[in-house]
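Here the structure is laid out as structure tokens; the discussion comes afterwards.
The values are calculated or read from the model by the stated rules, or taken from the named source; none is laboratory data. A quick note: this is a predicted structure, and the numbers were derived from the prediction, not measured. Please note: Cβ atoms are built from the backbone with ideal geometry, for glycine as well, and neighbour counts cover all protein chains shown. The accessibility values were calculated without ligands, DNA or RNA, using every heavy atom of the protein model including side chains. Shrake-Rupley method; radii C 1.70, N 1.55, O 1.52, S 1.80 Å.
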Amino acid sequence: MTHSILQSQGAVVRTRFAPSPTGYLHVGGARTALFSWAFARHFGGTFVLRIEDTDLERSTPEAVQAILDGMNWLGLQHDEGPFYQMKRMDRYREVLAQMLEQGSAYHCYCSPEEVEAMRERQREAGDKPRYDGTWRPEAGKLLPPVPTDRKPVIRFKNPLDGEVTWNDVVKGKIAIANRELDDLVIARPDGTPTYNFCVAVDDSDMQITHVIRGDDHVNNTPRQINILNALGATLPFYGHVPMILGTDGQKLSKRRDAVSVMDYLDKGFLPEALLNYLARLGWSHGDDEVFSMDQMIAWFDLTHLSSSAAQFNPEKLAWLNNHYIKLADNQRLADLIRPEMQTLGAQFEGRPELAAVIALFKERVQTTRELAQAAMLFYREAKPDPALCAQHITELAHVALRDFASGCLAVEWSKSAIAGLMKEVLAQHTLKMPQLAMPLRLILTGQLQTPSIDAVIELMGREAVLSRLAQYLPSK
Ligand code: GLU
């Protein structure tokens, strides 16, 4: 396998993530970035970030920022870059000139209409439409006279025979016949280079050793390999990762599925949960489902990448998020949810410490948004519904609540002592737990559902509990 060869030779690993900044960072992109990053880290190599921004109509600075933000949030730090293709135009022109000079590229003066007519004729004849080589220089061939009213494109002189083969790290051996490949346009009439050419030049200049990307690029690979060969460059290894399918087994869709990485931040996911989840989409390490990025780095050597498509499973992601919320430091979670609680109108003054409240809820939430909402219990005015009060705060409850309140004056302020006090009061009045717990919940929090009431009471503090009880208990 490629990796063990590398290891034994102590070779340098250089990977790259090369997004086109045309939207946000989507989960498929984040997953290939994660694989490239983890592989570079595994071998102590270099992870390069390259922004493929040559599509001027679709690339935006906001999309560049969205990619940088997404990578940063996930903690996928690059070691080199970001390199912007638009800033490398001089280099592409230089390589184009070299290729023209060496004869691996040539000027083609066919107009777009002529190329279309050529294709139409081929389609009619039942052939695969392709450039017919009108301007392709060959030994002894006489080229047409150069038109003076037209700027040429530059075409790559693709080999006519043989095949391009590579041993795909994910898909195994792939072979494409050269006759399937056209003489690709590598520069437009205005001299701007085209996509596959730029990628090949960059991968060569940036000395990329392993190209890990989505399998929607498989068709580009033979073209890029031919260009790299023409440049005399060392070929990287290629690994084409199958796409991620949505819950319905179809391609992930913007409309149906949450596909933007930053949406997961908004929805209250922790980056470590999303990373752990993405790692398992198309890669495995035995039966391990839960692992840290340090473990992934230790394990990720491009083996055990699956060649079939992975299906997105929101429940599993939610389960992992709950797992990581449980592990997360309470203070970190507090800092994460405080802004949202502020927008929900939280009053923090004179209320329990947020980190302590988080400890009470973190086991039972799937997202930090849910955590923020749950924690609000302690930070908003409790306004119990009068109808519910009438139902639960009965005459019998009044008496028990009064005794509980006087017990609260002296009881040791701990969860277990408060639970003990509640039990005493219940026994004294031969009541069942809900007959005291429900009125307490309503009065103290305005809700009928809360975590264990003794824990809630402990956190609220003696003074706050007594003052709220006093509001609901008519003086004797
Ligand atoms: N810019 C391409 C994309 O965003 C990726 C190119 C590559 O990885 O080779 O799909």
Exercise. Which loop GluC sites (Glu not before Pro) in region 1-108, with loop taken from DSSP, have no more than 10 other Cβ atoms within 10 angstrom of their Cβ?
Worked result: E57
Problem set entry | Nearest 10 degrees, 0 to 90: helix 61-74 Cα axis against the chain principal axis | 60 degrees
Seminar exercise, completed: Percent antiparallel among DSSP beta bridges confined to the chain, rounded to 5, stands at 50 percent
For this session: Determine the gain in length on full extension of the stretch W413-A359; use 0.36 nm per residue of separation and subtract their C-alpha separation, reporting nm with one decimal.
Result: 17.7 nm
Exercise. Where in region 360-398 does the label zone of K326 land, with the point 7 angstrom along Cα→C-beta and an amide N cut-off under 19 Å?
Worked result: 360-372, 374-375
Problem set entry | Inter-part distance where region 310-377 and region 152-200 are each reduced to a Cα centre, Å | 50 Å
Seminar exercise, completed: The answer for trypsin sites (Lys or Arg not before Pro) in region 51-98 that fall in a DSSP coil and have at most 13 neighbouring Cβ atoms within 10 Å is R58
Problem set entry | In nm, spacing of pseudo-spin labels at K254 and N219 (7 Å Cα→C-beta vector) | 2.0 nm
Seminar exercise, completed: Sorted largest first, the Cα spans of region 211-303 on the principal axes come out in Å as 49, 35, 23
Exercise. Considering amide H positions built from the backbone, and no H for Pro or chain starts, which residues 5 or more places from T46, or on another chain, come under 5 Å of its amide H?
Worked result: V13, R14, T15
Problem set entry | Estimated inter-spin distance, E113 and T343, nm [label 7 Å along Cα→Cβ] | 5.6 nm
Problem set entry | Fraction of beta bridges assigned by DSSP in region 206-349 that are antiparallel (%, nearest 5) | 20 percent
Exercise. Rounded to the nearest whole Å², what accessible area per residue is found for region 325-473 with the 1.4 Å probe?
Worked result: 50 Å²
Exercise. What number, in percent, do you get for the relative contact order of the chain if the mean sequence gap of Cα pairs under 8 Å and at least 6 apart is divided by its residue count?
Worked result: 12 percent
Exercise. How long is the gain from D190 to K173 if the chain were fully straight, where each residue apart is worth 0.36 nm and the alpha carbon distance is subtracted?
Worked result: 2.3 nm
For this session: Could you bin all the Cα-Cα distances of the chain into 10 Å bins starting at 0 and give me the percent of pairs in each, rounded to whole numbers?
Result: 4, 16, 20, 17, 13, 10, 8, 6, 4, 2, 0, 0
Exercise. With all protein chains present, how much of the accessible area of the chain (probe radius 1.4 Å) comes from carbon and sulfur, to the nearest whole percent?
Worked result: 51 percent
For this session: Using only Cα atoms, find the angle between the long axis of helix 27-42 and the longest principal axis of the chain, and express it within 0 to 90 degrees, rounded to the nearest 10.
Result: 80 degrees
For this session: Could you size up the charge dipole of region 157-230 around its Cα centre, putting +1 on the beta carbon of Lys and Arg and -1 on that of Asp and Glu, and report it in debye to the nearest 20?
Result: 100 debye
Seminar exercise, completed: Among K128/K251; K151/K251; K87/K128; K267/K432; K173/K316, the pairs whose Cα-Cα distance exceeds 31 Å are K151/K251; K87/K128; K267/K432; K173/K316
Problem set entry | Average Cα contact separation per residue, region 379-476, under 8 Å, 6 or more apart, as relative contact order % | 37 percent
Problem set entry | Helix 415-428 vs. the chain, principal-axis angle (Cα, 0 to 90°, nearest 10) | 40 degrees
For this session: Within region 195-232, which residues have the backbone N less than 12 Å from the label spot 7 Å out from A11 along Cα→beta-carbon, could you tell me?
Result: 208-211
